[in-house]
Amino acid sequence: ALWRNRSISDSFEAGSTFKSLTTSMAFDEGLAHEQELFSDEEIIVDGWSLHCWSHPSNHGIETLEKGMWNSCNPIFVQLSQRIGLTRFYQYIHAFGFGDNTGVDLPAEAAGILHTSPTEIDMYTMSYGTSATVTPLQLCNAYCALANGGRLMKPTVVKALLDDEGNTIRTVQPQTIRQVVSEKTASR
């Protein structure tokens, strides 16, 4: 337990923190905008009830922006339906989930994603449940939004110094890929 680095070795359901990523996917595809109206009414899929945390009262009709503030799960289900299963999971992988980040530390986990996801998997993933991520993966995905849509390789070491304090090697920032456009990231 003393040597375990939970930020890279343990995974958890991301929960509502994932809603920003689902929204960025919809924005990047031109499928939604902040002032668009959505209903947060319960959605039943294959016997599963997907509803707002305030269920059964719900928030009713609200903008995407307000739905984000209220953290209404059905709105993100609707966004994922627009994105589609294949494209949604392409973004999930592009954001770095389901794989190691490549950070310069040992014992990194990849989190757990469905190998053959279904629509219900996508719906619940749109609001951060049914799969797991590491804290570093989630942080790195948010950093992609902060870095103009570019997913970067995380590093701990900035430079290596010799005994005299002279720089032997400097670690340069490394872009892995462009996940969303700079415009989307700015939004």
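Here are some notes:
- Under 11 Å, Cβ to Cβ, from His51 - net charge with Lys/Arg +1 and Asp/Glu -1: -3
- Annotation: for a label point projected 7 angstrom from Cα along Cα→Cβ of Arg82, residues of the range 126-163 with backbone N closer than 19 Å are 126-128.
- Considering every alpha-carbon pair of the chain, the percent of pairs per 5 Å bin, from zero through the bin containing the longest distance, is 1, 8, 15, 18, 18, 14, 10, 6, 4, 2, 2, 1, 1, 0.
- Accessible surface of the chain, 1.4 Å probe, proportion on carbon and sulfur as whole %: 53 percent
- Solvent-accessible ranking of Asp40, Asp163, largest area first, probe 1.4 Å: Asp163, Asp40
- When Leu113, Leu64, Leu105 are compared by accessible area of protein heavy atoms, the largest-first order is Leu105, Leu113, Leu64, using a 1.4 Å probe.
- 3J(HN,Hα) couplings calculated from phi for the range 172-183 with the Karplus curve 6.51 cos²θ - 1.76 cosθ + 1.60 (θ = phi - 60°) are, in sequence order, 8, x, 10, 7, 7, 5, 8, 8, 10, 5, 4, 4 Hz; Gly and Pro show x.
- Thr184, Thr17, ranked by accessible area, largest first (probe 1.4 Å): Thr17, Thr184
- Here is the list for the range 81-187: GluC sites (Glu not before Pro) lying in DSSP coil, each with at most 11 other C-beta atoms within 10 angstrom of its C-beta, are Glu164.
- Positive minus negative residues near Arg187 (Lys, Arg vs Asp, Glu; Cβ under 15 Å): -4
- Accessible surface of Tyr142 - all protein chains present, 1.4 Å probe, nearest 10 Å²: 90 Å²
- The range 11-82: equivalent-ellipsoid semi-axes (sqrt of 5 x gyration tensor eigenvalues, Cα, Å): 18, 15, 12
- Solvent-accessible area per residue for the chain (1.4 angstrom probe, square angstrom): 54 Å²
The values are calculated or read from the model by the stated rules, or taken from the named source; none is laboratory data. Please read these numbers as outputs of a predicted model, since none were measured by experiment. Cβ coordinates were reconstructed from backbone atoms using ideal geometry, including for glycine residues, and neighbour counts include every protein chain displayed. Just the protein is used for accessible areas: all its heavy atoms, side chains included, with ligands, DNA and RNA removed. Shrake-Rupley method; radii C 1.70, N 1.55, O 1.52, S 1.80 Å.
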